[in-house]
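This report concerns only the one structure given below.
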Amino acid sequence: MMKKLLVSAALGLVLTATAQQRPHYTQYILNNYIINPAVAGIENYTDVKLSHRHQWVGLDGAPVTTYVTIHGPLTKSSYERETPTTFHAPGENPRGKAYWQDYTAADPHHGIGFTMLNDRTGPLNRFSVAATYAYHLGISERTSLSAGLSAGVQNMTLNASKLVWGDVQVDPAVAGSGYLNKLRPDISAGLWMYSSNYFVGLAAQNIIPSKLSFAEDTVKLAGGKLVPHLFLSAGYRMFLNDDISLLPSATIRYINPMPIGVDLNAKLQYQDLLWGGLSYRLQDGFSAMVGLNMNSTMNVGYAYDYTTSRLNLVSKGSHEIVIGFLLGNKYGDWCPRNIW
């Protein structure tokens with residue numbers, strides 16, 4: 001009975017108490033595709049993002065998340081155009097107010113994408129791969145709507161040798177069970193409406209709920225349950241002057257039976273080169289972000305999170321870095337046109 005209680009408690013701690021069946025991201029405003037598959041193919045180039053996040057540094061067994069995402073249009077626009085960001089004329093903002101006056105909705109096109117993610121929390125590790133299809137369509141002169149579906153598989157691995165509860169070590173018979181694996185489907189869907197100065201997105205991850213249990217000759221437990229995650233996102237662009245734009249956004253998360261989560265973000269961007277931002281996660285903490293578009297093929301962003309919960313007694317905060325590559329960017333845009 002003690003073995004079962006220890007194992008169940010350790011698994012339950014990972015699956016429910018941390019409320020992190022899906023990883024937290026601070027810089028998802030740089031890569032909304034990681035949350036919403038409808039974003040796939042939104043730009044006229046292939047967008048590659050690499051990210052590594054170490055959450056709650058200093059806490060043993062804290063979440064560590066690494067991912068790579070790739071997405072782009074199935075067929076690139078054949079319309080030959082050069083934009084102000086191609087030339088970077090000295091003293092001018094290539095993405096100033098004048099640029100957005102000529103903004104038009106997306107031509108109908110298909111988008112595809114791929115995600116590979118590894119998320120480790122304590123004794124539990126989640127590795128997933130998924131492919132994405134999306135379709136983009138202009139619904140008015142300046143507004144587009146896309147819908148996307150992502151399908152893949154996730155492998156949940158329990159390292160029985162790391163199961164501990166307080167100062168009590170799990171029985172050697174249990175710890176000797178090694179790595180226990182469970183494969184589960186990973187299906188997500190989303191909608192994304194976007195224009196030159198706003199976006200609204202709705203996404204559902206893990207839309208097929210499934211029970212999660214591990215069973216071996218020496219370990220039998222009820223386990224937990226993988227549940228759907230719902231995300232509602234919205235953002236707006238406003239110019240403070242012709243060089244600096246303010247980009248407020250918000251995301252609401254719903255994961256039954258957890259309380260609703262709310263993120264509030266504010267991003268200040270100087271021309272199409274440098275940006276900084278702040279984020280507040282309701283009843284959790286604050287974040288500071290900074291990023292640089294280095295050239296027309298590479299950008300980088302860094303975020304530091306400070307938690308206001310009791311975890312700050314043992315945690316030194318969270319660190320996250322995102323590196324982006326713009327492949328096939330034949331027009332030389334230094335920053336995205338539709339994801340800002």
Order of Arg337, Arg310 - criterion: other Cβ atoms within 10 Å of each residue's Cβ, fewest first: Arg310, Arg337
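Within 14 Å, Cβ to Cβ, of Ala266, how many net charges do the neighbouring residues add up to if Lys/Arg are +1 and Asp/Glu are -1? Before the final figure, lay out the partial values.
Numbers: positive: Arg237, Lys267, Arg281; negative: Asp263.
Net charge around Ala266: +2.
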What are the aspartates and glutamates whose alpha-carbon lies under 14 Å from the alpha-carbon of Lys211, with same-chain residues fewer than 8 places away excluded? Asp186
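Hey, fewest Cβ within 10 Å first, where do Ser140, Ser315, Ser146 land in order?
Values: Ser140 9, Ser315 19, Ser146 25.
Ranking Ser140, Ser315, Ser146 by Cβ neighbours within 10 Å, fewest first, gives Ser140, Ser315, Ser146.
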Taking a 19 Å limit on the Cα-Cα distance, which of the listed pairs Lys76/Lys267; Lys76/Lys330; Lys49/Lys225 fall beyond it? Lys76/Lys267; Lys49/Lys225
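Values quoted throughout were computed directly from the atomic coordinates according to the rules given, and no laboratory measurement underlies them. The structure displayed is predicted, hence computed values, not measured ones. Every residue, glycine as well, gets a Cβ built from its backbone with ideal geometry; the counts of neighbours run over all protein chains shown.
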